[in-house]
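Here is the structure we will look at, set down as structure tokens.
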Amino acid sequence: WKDNMKGYNNSLFGKKIWCHAICGMWHSKTHVSDRGIDCSNIVMSNGLGHIESNHVCSLCGRKDKIKVACWDKECRTPGGEKNTPFRFHVTCARQAGLDVGDSEDPITDIVFKLHCFHHVRPELVFRAKLEDMIEVERGRAGNDLSNSRSPMSFETASTIFNWGIHVIQSLGWAWRWAEWWVAKGDNWEPLIEKGQDESKMTKEQLRIVDSTPESRRDDARLCRLASFGAALRNRDYDKEGDDHNVLGNALRAVFSTKSLVGPLNKPEIEFFVEWLARVYRSDDPKLGFGKNKTPVSDEIDPNVYYSNGCPKFKLGNRPLPGKEVGKKQIFEKCEADYDDYDEFVETSLLSSPPSSVMSKRIPRKIKR
């Protein structure tokens, strides 16, 4: 570099650029093994490709920092950056409930993998998290939750609460992933009890709910899924004098949407409403709501703005979900909502199924 000051000035040394350890480990040019972390390919870079500012995070819409592409080789953004895979900041993906983890590989030792909403493993989709959460309560209160008012241990309560953080944390990003769910659904697979034979079970027994892009669009609008995610993100329910009732109404609408959460009965719905409202009111920093929310792009980007120019990540002039529910009603009529669901429905009908995971039956074994 003595004879190449321009190269030095473009390097990490010249620009005095640093990165978080977790970001450096997830960079595609970093090699991680049980012998240590080799980041020489980043340190010795020319400073032009280590941040990849030409790509945006598919969640927050920002171009800064390191983005990781979906691990699935077939992943493509619908009409996005020249038909490229979804890319995410690791922290955004983890908070939104996507599939973020690592695995051992005989050749490269340790591989960090991130899967987008369409290619997430079946055991990590939103509905699977709900099943894991309520399974803790079933172990205490019975399969029908008939003993739900019996004493609860601190261990059980903390386990349910922590599952609730993961669930409502994911819902806080529904303003973004609702349109992905509308277009392609998810990779949920039935939860199989020990001794059960899936091939001999009916769809009702397997709790399978059939849906189409059109029906999911209508369901997302009916429960106001995207608006609810925006309201959670900004802690808009804190502004209400009686957020208990309004928040409860909004949660009840979401958990009455079978195509999203499965066929829940009333005790199951009320379990989620009660616990998730409790988690929300805790204002746990891990939720990423309010003052702890992830910043999004300042640019008018389709990831974070609707086609009408309104932001997806805040309500704007849309009424607060749950506030206008009539007596003995679950869903509310809201003509002030707006979305781009129709565009995603049209795109999904013109494309083939997005995931190699979706084409396989991978029954999940129940956790006791």
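The values are calculated or read from the model by the stated rules, or taken from the named source; none is laboratory data. Predicted model, so just to flag it, every value in this text is computed and none were measured. Here the Cβ is made from the backbone with ideal geometry for all residues, glycine too, and neighbour counts use every protein chain on show. Keep in mind that these areas ignore ligands, DNA and RNA; they rest on the heavy atoms of the full protein, side chains included. Shrake-Rupley method; radii C 1.70, N 1.55, O 1.52, S 1.80 Å.
Observations on the model:
- Computing FRET efficiency as 1/(1 + (r/R0)^6) for D210 and D342, where r is the C-beta to C-beta distance and R0 is 35 Å, gives about 0.95.
- Length gained when the stretch D283-E335 is fully extended (0.36 nm per residue, less Cα-Cα span): 15.7 nm
- Restricting attention to region 215-353, lysine pairs at least eight places apart or on different chains and with alpha-carbon atoms under 15 angstrom apart total 9.
- Set of region 286-302 residues, backbone N closer than 16 Å to the point 7 Å along the Cα-Cβ line of N162: 286-287
- Reduced Cα scattering model of region 249-321, Debye log10 I(q)/I(0), q = 0.20, 0.26 Å⁻¹: -1.03, -1.11
- Accessible surface ranking for I330, I208, 1.4 angstrom probe, highest first: I330, I208.
- Distance (nanometres) between label positions extended 7 Å along Cα→Cβ at Q196 and Y8: 6.6 nm
- Under 20 Å from a label point set 7 Å out along the Cα-to-Cβ vector of K258, the amide N atoms of region 198-237 belong to 201-225.
- Inter-probe distance in nm under a simple model that places probes 7 Å from Cα toward Cβ, at N317 and R149: 4.7 nm
- Across region 135-245, the convex hull enclosing all Cα atoms gives 161 Å³ per residue.
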